[in-house]
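> One structure, pasted below without further comment.
The values are calculated or read from the model by the stated rules, or taken from the named source; none is laboratory data. For clarity, every value in this text was computed on a predicted model and none was experimentally measured. No Cβ is skipped: glycine too gets one built from the backbone with ideal geometry, and neighbour counts run over all protein chains shown. Note: areas computed on protein heavy atoms with side chains; ligands, DNA, RNA excluded. Shrake-Rupley method; radii C 1.70, N 1.55, O 1.52, S 1.80 Å.
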Amino acid sequence: MSHSTQNEDITLNDNKIRITQPEFDQFCLFLEKACGILLAKHKQYLVESRLGKILAEGEYSSLGQLTAVLGQPGNSCLKEQVINAMTTNETLWFRDIHPYTILKEKLLPELAVNASSQRLKIWSAACSTGQEPYSISMIIDEFKSEYPGALRLGEEIIATDISTRVLEQARLAEYEMLALGRGLSQDRLKKFFEPSVEEAWKLIPKIKQRVTFRELNLLGEYPDIGPCDIVFCRNVLIYFSTSRKRDILQKIHKVLKPGGYLLLGASESIGNLNDLFDMIHCRPGIIYKAK
Ligand SMILES: C[S@@+](CC[C@H](N)C(=O)[O-])C[C@H]1O[C@@H](n2cnc3c(N)ncnc32)[C@H](O)[C@@H]1O
């Protein structure tokens, strides 16, 4: 595999497929329109490493030819393959800790009071392989053990992602030690998992059953998602343009109940949407309350 500067052609794996700058630009336009992801010019290597297999298997002679086919109607399977390959699905258990401490110590006690008349509904809006919604489910379980009788009417976690590949793994709820080692304590491993085949561990049913997975593109509509008490939309807005972010945050506001909470990633913010959300400093951690 060869690497190059952004103005040169690049060579793909051993298949010797060359990407010209105009072809790369065309592909970036397709990707942004399909899922919002903006590829910086220096990210050509991502296309190189992630699309090589699809190009080779489909016997496309160039990235330009693949992009042209993607632009034609009726290629949903190919489009899905490309989106699965181009999304970054990095995730871990209890990522950044603070959101989960805030959930357990502030949000659940507060919402449990209102939850005597309604089920609690939480949306994990870019759930990747499931670590985020399952971490939320574990926190709910721990909260209910500490406060028996709380959340009597039950709770529901809807977890969505654009990538069908990660959703398949998430639904399986089986993880290898390497993935489990990322953020999960020994205590929680013993409490919430049981050994499965070949060094994998399987999540126990009571944690798994609380979560429903569904394919959803954040650029589209959010049917049957709301009204939600809490939305986790973490570490996905970073990939989008300012106007896409704004549009998504406005739609999230619509699915949140008034007074519902939004939790973003550590490097993400609501921008200038102060008319829709109040910022709450939890020290440590920031959350947003829907007006
Ligand atoms: C870096 S992961 C973050 C996972 C998790 N929220 C966390 O913080 O650990 C970003 C996820 O966003 C998903 N994603 C990217 N574009 C999306 C879109 N337009 N709609 C829905 N999900 C998208 C990717 O498939 C990926 O699984």
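> Counting pairs of Cα atoms in the stretch 9-146, how many percent are more than 21 Å apart?
For the stretch 9-146, the share of Cα pairs beyond 21 Å comes to 55 percent.
> Ratio of Rg to Rh for the stretch 148-291, alpha carbon only, Kirkwood?
The Rg/Rh ratio comes out at 0.99.
> OK, next. I'd like the distance between the alpha-carbon centres of the stretch 44-79 and the stretch 185-246, rounded to an integer number of Å.
Comparing the Cα centres of the stretch 44-79 and the stretch 185-246, I get a distance of 28 Å.
> Here's a follow-up. Looking at the stretch 136-175, what % of the alpha carbon pairs are farther apart than 12 Å?
Roughly 69 percent, once rounded to a whole number.
> Report, to the nearest whole %, how much of the accessible area of the chain belongs to carbon and sulfur atoms, 1.4 Å probe, protein only.
Roughly 51 percent of what the probe reaches on the chain is carbon or sulfur.
> Which order do the peptides 193-199, 177-183 take when ranked by the mean count of other beta-carbon atoms within 10 Å per residue, highest first?
Ranked from most to least packed, the peptides come out as 177-183, 193-199.
> Show the residues, 5+ positions off or on another chain, whose built amide H is closer than 5 Å to the amide H of F277.
K291
> Follow-up question, since we're still on this one. What ranking, highest mean first, results for peptides 98-105, 72-79 when packing means the other Cβ atoms within 10 Å averaged over each residue?
The peptides rank, most packed first, as 98-105, 72-79.
> How much accessible area per residue does the chain have, counting only protein heavy atoms and a probe of 1.4 Å, in square angstrom?
I get 49 Å² per residue for this part.
> With only alpha-carbon atoms counted, please give the Rg and Dmax of the chain, in Å.
20.8, 64
> Rank by packing, highest mean first: peptides 24-33, 117-126, with packing defined as the count of other Cβ atoms within 10 Å averaged across residues.
Those peptides, ordered most packed to least, come out 117-126, 24-33.
> Continuing with the same structure: What's the whole-number percent of alpha carbon pairs in the stretch 9-86 lying beyond 21 angstrom?
Percentage above 21 Å: 15.
> Starting from the Cα of K121, draw a straight line to each of the lysines and keep only those under 20 Å, dropping any in the same chain fewer than 8 residues away.
Output for K121: K104, K106, K144, K206, K208, K251, K254, K257, K289, K291.
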